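Chemist: Below is the structure I would like to discuss, written out as structure tokens.
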Amino acid sequence: MKIIPIHVKTERALRSFNFYLVQHSNELILIDAGYDTEDCWNGLVEALQTHLLQLSDLTAIVLTHHHPDHVGLVNRIRKQIDVPLYVHPESVHRLTREPTFMEMRINFYKALYQQAGCGAFGEKQIDRLQRSKETNIGNRIEGELTLIDVSKPLFDFDLVETPGHAPDQIALQYDDILISGDLLIHHISSNALIEPDKHGNRLFTMQQHIDSLQTVQQLDVQTVYPGHGSVITNHQTLIQERLLGIQQKAEHLRELMLQKPMTANELAITMYQKRYETQFPLVMSEIIGHLDYMESKNMTVKTEKGGIFEFEPVFDHVK
């Protein structure tokens, strides 16, 4: 098996958008598809040309998850060639932007932000989601989707479900190689993003993310190809650092609560300040996810006042 990395640089904190060509047996597989930008398209074309390949040589596209920086070129590719697209079953209603699901998702966040005490910032984000439901309809993935059975190998890759960052995230393992999506990034910690399931129930994504990290930590792999940043060769050590970071952040939140009971929104403002305004949905996911984790570890309890939850520490908690 030959892995051909495509790293498209960005000025964002992610540093690069990574996707991968895989040559194996008689297959040429594209794993993830970057953003729908000329930079990503040129990166794909250049990688093909460098290895004396053509777009028409592609035999499959496989997605690690549904986020736009991983699926961006799919429609553009499939307008030019007929190639199957392999996705996790949980990807379908997100990739196709199924109207009922998208409306339910907006209502989910509306209730979530109200319970977190987000006020005007929460309302502004809901307005943004409502607008994007209409303006982003053109970003839905067109054509047939081939559903992955994670219990079976795919092109000789063993599939590992790694939810947390996204409900549909998978990693692909072949011998001592792992293509990991956004589970693990070398230079920054990946976000566990709060999402509903297809029925509108809140997924406890921080615990999913922790479980996924612990699963991958046990894998006998030497090289991890991530969705962003540089290749990882010390995944077990890095995962231990990420798990420790989650615990440390939880302890920090607990210390803030010692001053007074606080809402998720108050904790977000106190902890992240300017980032609260510029990265509101990411920040709220981070705080709410950690609060979920803290409740599960008996580090905090919540009380409801007028439809808004306040959190305070459990004083007999032992670190």
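The values are calculated or read from the model by the stated rules, or taken from the named source; none is laboratory data. Please read these numbers as outputs of a predicted model, since none were measured by experiment. Positions of Cβ are backbone-derived with ideal geometry, glycine not excepted, and every protein chain shown enters the neighbour counts.
Chemist: When you scan region 125-145, how many residues do you find that are touching a residue at least 60 places away in the same chain (Cβ under 8 Å) and assigned to a helix (DSSP H, G or I)?
Modeler: Total satisfying the criteria: 2.
Chemist: Assess whether ARG105 counts as being among the charged types (D, E, K, R), under 27 Å from LEU129 (Cα atoms) and in contact with a Phe, Trp or Tyr (Cβ under 9 Å, 6 or more places away or on another chain).
Modeler: no
Chemist: For region 135-169, which positions are buried (at least 16 other Cβ atoms within 10 Å of the Cβ) and in contact with an Asp or Glu (Cβ under 6 Å, 6 or more places away or on another chain)?
Modeler: Passing the criteria: PHE155, HIS165, PRO167, ASP168.
Chemist: Return only the number of the condition from (1) surrounded by 18 or more Cβ atoms within 10 Å (Cβ to Cβ); (2) in a loop (DSSP other than H, G, I, E, B) that HIS93 does not satisfy.
Modeler: HIS93 satisfies every listed condition except (2).
Chemist: Also, quick follow-up: Mind checking which strands (runs of 3 or more DSSP E) fall wholly inside region 219-319 and carry at least 3 residues that are assigned by TED's automatic domain parsing to the domain that holds GLN115, of a type in the set (Val, Ile, Thr) and under 19 Å from the mean Cα position of the chain (by Cα)?
Modeler: Result: empty, no element qualifies.
Chemist: Do we find a residue being over 20 Å from TYR35 (Cβ atoms), within 21 Å of the chain's Cα centre (by Cα), outside the structural domain of GLY229 (by TED's automatic domain parsing) and in contact (Cβ under 8 Å) with a residue 12 or more places away in the chain anywhere in region 150-159?
Modeler: Within region 150-159 (the criterion being over 20 Å from TYR35 (Cβ atoms), within 21 Å of the chain's Cα centre (by Cα), outside the structural domain of GLY229 (by TED's automatic domain parsing) and in contact (Cβ under 8 Å) with a residue 12 or more places away in the chain), the answer is no, since none of the residues qualifies.
Chemist: Right, something else. Can you tell me which of (1) over 16 Å from ILE31 (Cβ atoms); (2) among the β-branched types (Val, Ile, Thr); (3) modelled with pLDDT of 95 or more is the one THR135 doesn't meet?
Modeler: All conditions are met except number (3).
Chemist: Right, next: Go through region 227-284 and report how many residues are under 15 Å from THR300 (Cα atoms) and of a type in the set (Ser, Thr, Tyr).
Modeler: Counting residues in region 227-284 that are under 15 Å from THR300 (Cα atoms) and of a type in the set (Ser, Thr, Tyr) gives 1.
Chemist: Looking at (1) under 16 Å from PRO68 (Cα atoms); (2) of a type outside the set (Lys, Arg); (3) free of Cβ contacts under 8 Å to residues at least 12 places away in the same chain, which is the only condition GLU195 fails?
Modeler: Among (1) under 16 Å from PRO68 (Cα atoms); (2) of a type outside the set (Lys, Arg); (3) free of Cβ contacts under 8 Å to residues at least 12 places away in the same chain, GLU195 violates only (3).
Chemist: Within region 110-123, is there a residue that is in contact (Cβ under 8 Å) with a residue 40 or more places away in the chain, outside any helix (DSSP H, G or I) and within 28 Å of SER230 (Cβ to Cβ)? Steps first, please.
Modeler: Kept after step one, since they are in contact (Cβ under 8 Å) with a residue 40 or more places away in the chain, are these residues of region 110-123: 112-119, 121-122.
Going one step further and asking which of them are outside any helix (DSSP H, G or I), we end up with 116-118.
Filter once more, so that each one left must be within 28 Å of SER230 (Cβ to Cβ): none.
No, region 110-123 contains no residue that is in contact (Cβ under 8 Å) with a residue 40 or more places away in the chain, outside any helix (DSSP H, G or I) and within 28 Å of SER230 (Cβ to Cβ).
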